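Take a look at the structure set out below.
The values are calculated or read from the model by the stated rules, or taken from the named source; none is laboratory data. Since the model is a prediction, treat every value here as computed from it, not as a measurement. Quick reminder, even Gly has a Cβ in these numbers, built from the backbone with ideal geometry, and neighbours come from all protein chains shown.
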Amino acid sequence: MDANSTEFIGEAQEVIETFSRHLFELEAQSRSGATDPDLLNASFRAIHSLKGLAGLFGAAAVGDLSHSLEGTLDALRLGKIDLSREVLDVMFEAVELFGRLLDPKESARAAETGLPSLIIRLTELVDAAGGPKQKKGDDLAFIGETILVQLSEYEEHRLRENVRLGRNLFRIHAAFDILLIDKGIEALKEKLKVHGEVITYLPSVDGFSDDSIELDIIVGTTDDYRAISALLADDNVSIHQLTPTGEAAPQERPPPPSRPTIVEPTPERTEVVGVIDTDEPQDDAREDVGGGEVSLRSLSQTVRVDLRRLDVLMNLVGELGVVQTNLGGVLEQLRALEASADVARDLTVQIRDMTRKLALLQQGILDVRMVPIGQVFDKLARVVRKLGRELDKEIRLSISGEETVLDKLIVEELSDPLMHMIRNCIDHGIEPTEERVAMGKPQAGRVELRAFQRGNRVVIEVDDDGRGIDWQKIRDVAIKRQLVTAEEVAGMGAHEIINMIFAPGFSTRDQASAVSGRGVGMDVVKTNIAKLSGMIDVATEVGRGTRFSITLPVTLAIIQALVIQSAGHTFCIPLNSVLESIMVETREIATVEGHEVITLRGKTLPLLHLSRLFALKARGRVGPMQRVYVVVVGLAQHRVGLVVDELLGQQDVVIKPLGSALRSVPGIAGATELGANRTVLLLDVGRLVDEGVQHADAQLGLIRR
Amino acid sequence: MSVEKDDLWQALLRTGEAVASEEDYEHGYKREVRQDLRQYVAFRVAAESYAVSIQDVEEISKLFETTPVPRTAAFLLGIGNVRGRIMPVVDLAHRLGLGEAEFGRAARVLIVERGDEPYGLVVDEVYGVVRIPPESMEERPGAIGGTRADYIRALGRFESKIIIILELAEVLEPQDFVPRYKGDEGS
């Protein structure tokens, strides 16, 4: 086993990503003043297992870094240091460094340059805090010496926190049947967690009998005695309130004993220094105290599978589908024979069963390829944080829909385009702080990343409240860069002009900043999105902000296709690029300078006749028609109507490449089987739309959308 | 399809290089086995006899349905599907400039492999496997000009008939499949 094995890298990356996610949550919580001790524990556990993992695979650098980081996290957990912005910074740097250490190409350099200094800084954070901030026992005497001596350092810290927050402390004495103790404790804990924090549970000093165990559970809660009694009325427990000695009433806040900073929830600013605080119940404090044991078990019950292997399986399933169709044919023949009616009936049942299972199998394989988009969002969140710092802009990033799943391949291909967009948005979109304040906007720029499923597509939106895109400025730049002529621009709508930001070589900044503005960004974004047969749209309002929406198919290996017929030939159109299908009376079709168009909801839509485009020889009887079907397709920011004769329905199809000889047929993306060994071509919508648009542009400079 | 396949196998058995006979064992391999005999699959296209090296042939199949592909060369009948493998199917008569022929009952598809990808070649009739010694091979005669000459690797003589050995790399040149589309400039 070595440190470069994919097994190690994959698993370590998973842990680091989890950790990074925790960090973001912690940062958000620290801003609002209350961090979840569970989350800190989870982070600690994650890094702890990473250390174990690194040891197992002999990844010394990763091991060293996780060891130091673990120390920092332990100090945080125990309240020895505060979750300040500096601490978060260093931990985020650690996340980056982990990434480099895991990259076989970068690893050596990262270990040499980045590692030592970061380890020193991590250590310094802990050292600066010194030893435990308080002597044991002084102010906690009211808990009772017998309990106090049994508390671990962490539990004592949590207890102190609860006292500091002025919570009521209760000792709940419960007896459990020795056989049912596991379930009993769990049930009680679940109940209590809703109302407060279970700090610890200890075997009762009152002793225990043979068939039952008595426990003392210490709970910190904002509820009073009466509420707790009511809550536990059904359980066979006795409840004692533990009141701090002296006159200190539970409601009164003892002054924070040793904290240099004070919670001040000002959610507008990222600079707010957080303080570990508790709001949420403690999961199980005992299990992670100490943390000396390294589990050799994998963190997750997962296997990593090469996507190509899944492709092979997918193909096989597709072929099974064909076999199934053929079986249907055999069945028909069997039915025709009178003697075999019984057999035919049996076969019908079996084939039906097989069809169902086949569909499940296909879905199962697809599901395996699916990963949550959150993987990319986490990386983007780090980019936002870093950029905000570099450009000295305050950014509030909000993320939603990170659980939305997409094909692994798409998620991978998506990270670069999204990064470009985020960069542009922070660099060009969000104004400098002074400008925002002057405009009466909140000081911190808002960037939203959203993902959600809409039908069989996934929509990803990048939304900001920055300065928006000024179409007049875009127009001037486009003319200056000689992307268009002044005459061409005259006939364009605002939306179309704004779409020129996707043109190659377009950049509005005169000087390229270090962050973006090399004029490749949006062009690359568009190409990459189109490659994934996705669409990108932009909506913007000057002074109010910009929203980019990317619409993507959920998967590429198998796609939903619209099966159509034109001049007796059958084709498939990827459904994710189909916006709608409409029936059009031939008399509704108008011509503008020889080019056919229809008006769809007030917008002009150029038409493309598939039969003419492909010079299809009519097969079968194709007479003049009164009405045709128009399939409105769009890719990236363009829309075109494909004129076809028939819509034959929708179907899931497995895409097969055409091979090197036919790879470059313009307008054809691949082939697929539609049962009974029938091979059907899949249209390359992007290409056809481009052709249509070029056509229209050349002739009339039509409105593209 | 299986019949032709059996024929091929029989032909392989007959060659003697791969399979030793009873006689061989008895006489201690005294029989001279010519190692330099090349094997070809011979077939008819229009009125001419052609052959391709047996190593290039994967399978011989009866005609199957093809799906025409728009914007491709006229010699391409379309794409076919043999047990889940998609392949371009070429009308060899058309490709070789012998005119468009109606495929009769004897017509077959030679499935050949180039660069790990299958292609189908429709021929009018498959003769079988022939073995042609090098001394019966001729270089392409200079007198045959025109584009057709490029498709000829050599001329072989088998039982006093002339067989044209095809240069598959030329016949299946990918660039010829997709004529430069006129809307293609710029991209």
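Does A:LEU600 meet the test of being surrounded by 19 or more Cβ atoms within 10 Å (Cβ to Cβ) and under 27 Å from A:THR551 (Cβ atoms)?
Working: surrounded by 19 or more Cβ atoms within 10 Å (Cβ to Cβ): no; under 27 Å from A:THR551 (Cβ atoms): yes.
No: the conditions fail for A:LEU600.
Please enumerate the residues belonging to region A:671-680 that are more than 7 Å from chain B (Cβ to nearest Cβ) and surrounded by fewer than 21 Cβ atoms within 10 Å (Cβ to Cβ).
Within region A:671-680, the first condition is being more than 7 Å from chain B (Cβ to nearest Cβ), and the residues that meet it are A:672, A:674-676, A:678.
Correct list: A:LEU674, A:GLY675, A:ALA676, A:ARG678.
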> What number of residues in region B:89-112 are over 16 Å from B:ALA73 (Cβ atoms) and either assigned to a strand (DSSP E or B) or aliphatic (A, V, I, L, M) (or both)?
Replying inline: 8
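For A:VAL289, are the conditions met, namely being within 28 Å of the chain's Cα centre (by Cα) and either modelled with pLDDT of 80 or more or not polar (S, T, N, Q) (or both)? Let's see the steps before the verdict.
On the way: within 28 Å of the chain's Cα centre (by Cα): no; either modelled with pLDDT of 80 or more or not polar (S, T, N, Q) (or both): yes.
So A:VAL289 fails the test.
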> Of all residues in region A:583-622, how many are touching a helix residue (DSSP H, G or I) at 6+ places or on another chain (Cβ under 7 Å), of a type in the set (A, V, I, L, M) and more than 14 Å from chain B (Cβ to nearest Cβ)?
Replying inline: 2
> Can you pull out the residues in region A:110-133 that are in a loop (DSSP other than H, G, I, E, B) and either touching an Asp or Glu at 6+ places or on another chain (Cβ under 9 Å) or at pLDDT 85 or above (or both)?
Replying inline: A:PRO132
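From the set of residues in region B:34-80 that are in a helix (DSSP H, G or I) and in contact (Cβ under 8 Å) with a residue 40 or more places away in the chain, which is nearest to the other protein chains (Cβ to nearest Cβ)? Talk me through it step by step, then tell me what you get.
Residues of region B:34-80 that are in a helix (DSSP H, G or I), as a first pass: B:54-56.
Restricting the remaining residues to those that are in contact (Cβ under 8 Å) with a residue 40 or more places away in the chain gives B:54, B:56.
On the way: B:ILE54: 22, B:ASP56: 15 Å.
By that ranking, first place goes to B:ASP56.
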> Can you tell which of A:PHE24, A:PHE44, A:PHE19 is assigned to a helix (DSSP H, G or I) and either more than 22 Å from the chain's Cα centre (by Cα) or free of Cβ contacts under 8 Å to residues at least 40 places away in the same chain (or both)?
Replying inline: A:PHE44
> Do you know which residues across region A:629-638 are buried (at least 21 other Cβ atoms within 10 Å of the Cβ) and at pLDDT 80 or above?
Replying inline: A:VAL630, A:VAL631, A:VAL633
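For residues in region A:78-109 being among the basic types (Lys, Arg) and part of a helix (DSSP H, G or I), which is surrounded by the fewest Cβ atoms within 10 Å (Cβ to Cβ)? Explain how you work it out, then say what you get.
Step one: filter region A:78-109 for residues among the basic types (Lys, Arg), giving A:80, A:85, A:100, A:105, A:109.
Restricting the remaining residues to those that are part of a helix (DSSP H, G or I) gives A:85, A:100, A:109.
On the way: A:ARG85: 16, A:ARG100: 17, A:ARG109: 13.
Checked region A:78-109; the qualifying residue surrounded by the fewest Cβ atoms within 10 Å (Cβ to Cβ) is A:ARG109.
Before we move on, is A:ILE147 more than 24 Å from A:LEU39 (Cα to Cα) and touching a residue at least 24 places away in the same chain (Cβ under 8 Å)? Talk me through it step by step, then tell me what you get.
Details: more than 24 Å from A:LEU39 (Cα to Cα): yes; touching a residue at least 24 places away in the same chain (Cβ under 8 Å): yes.
For A:ILE147, the condition - more than 24 Å from A:LEU39 (Cα to Cα) and touching a residue at least 24 places away in the same chain (Cβ under 8 Å) - is met.
Any residue at all in region A:179-194 that is in a loop (DSSP other than H, G, I, E, B) and at pLDDT below 75? Break it down stepwise before answering.
Going through region A:179-194, the residues in a loop (DSSP other than H, G, I, E, B) turn out to be A:179-180.
Narrowing further to those that are at pLDDT below 75: A:179-180.
For region A:179-194, residues in a loop (DSSP other than H, G, I, E, B) and at pLDDT below 75: present.
Identify the residue in region B:85-99 that is at the interface with chain A (Cβ under 10 Å from one of its Cβ atoms) and not basic (Lys, Arg) and, among all such residues, is farthest from A:LEU674 (Cα to Cα).
Narrowing region B:85-99 to residues at the interface with chain A (Cβ under 10 Å from one of its Cβ atoms): B:85-88, B:90.
Cutting the leftovers down to not basic (Lys, Arg) gives us B:86-88, B:90.
Values: B:ILE86: 13, B:MET87: 16, B:PRO88: 17, B:VAL90: 22 Å.
Selected residue: B:VAL90.
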> Which condition does A:THR546 not pass, out of (1) of a type in the set (Ser, Thr, Tyr); (2) at pLDDT below 85; (3) buried (at least 22 other Cβ atoms within 10 Å of the Cβ), if it passes all the others?
Replying inline: (2)
> For region A:681-705, how many residues meet the condition of being surrounded by 22 or more Cβ atoms within 10 Å (Cβ to Cβ) and at pLDDT 80 or above?
Replying inline: 5
>> Step by step: first the residues of region A:649-669, then only those that are surrounded by fewer than 21 Cβ atoms within 10 Å (Cβ to Cβ) and under 16 Å from B:ARG85 (Cβ atoms), then the one that is farthest from the other protein chains (Cβ to nearest Cβ). Which residue is that?
In response: A:ILE655
> What residue, of A:ARG356, A:ARG345, A:ARG369, is buried (at least 19 other Cβ atoms within 10 Å of the Cβ), under 30 Å from A:GLN324 (Cα atoms) and not hydroxyl-bearing (Ser, Thr, Tyr)?
Replying inline: A:ARG369
>> Only one of A:GLN29, A:GLN13 is within 24 Å of A:THR200 (Cβ to Cβ) and surrounded by fewer than 22 Cβ atoms within 10 Å (Cβ to Cβ). Can you tell me which?
In response: A:GLN29
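Report yes if some residue within region A:60-82 is under 20 Å from A:ILE399 (Cα atoms) and free of Cβ contacts under 8 Å to residues at least 40 places away in the same chain; otherwise report no. Working first, answer last.
Taking region A:60-82 and keeping what is under 20 Å from A:ILE399 (Cα atoms), we get none.
Checking region A:60-82: not a single residue is under 20 Å from A:ILE399 (Cα atoms) and free of Cβ contacts under 8 Å to residues at least 40 places away in the same chain.
Just to confirm my filter: which strands (runs of 3 or more DSSP E) fall fully inside region A:560-670 and include at least 1 residues that are within 41 Å of the chain's Cα centre (by Cα)? Let's see the steps before the verdict.
Values: elements: A:569-574, A:578-585, A:590-592, A:595-600, A:603-609, A:627-635, A:638-644, A:646-654.
Correct list: A:569-574, A:578-585, A:595-600, A:603-609, A:627-635, A:638-644, A:646-654.
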>> Let me confirm something: among A:SER84, A:SER68, A:SER49, which residue is farther than 22 Å from A:ARG385 by Cα, at pLDDT below 85 and either of a type in the set (Ser, Thr, Tyr) or in contact with a strand residue (DSSP E or B) (Cβ under 7 Å, 6 or more places away or on another chain) (or both)?
In response: A:SER49
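Looking for whichever is farther than 24 Å from A:ALA671 by Cα, modelled with pLDDT under 90 and basic (Lys, Arg) here; the options are B:ARG114, B:ARG131, B:ARG85. Which one fits?
Working: B:ARG114 fails: farther than 24 Å from A:ALA671 by Cα; B:ARG85 fails: farther than 24 Å from A:ALA671 by Cα.
After ruling out the rest, the residue left standing is B:ARG131.
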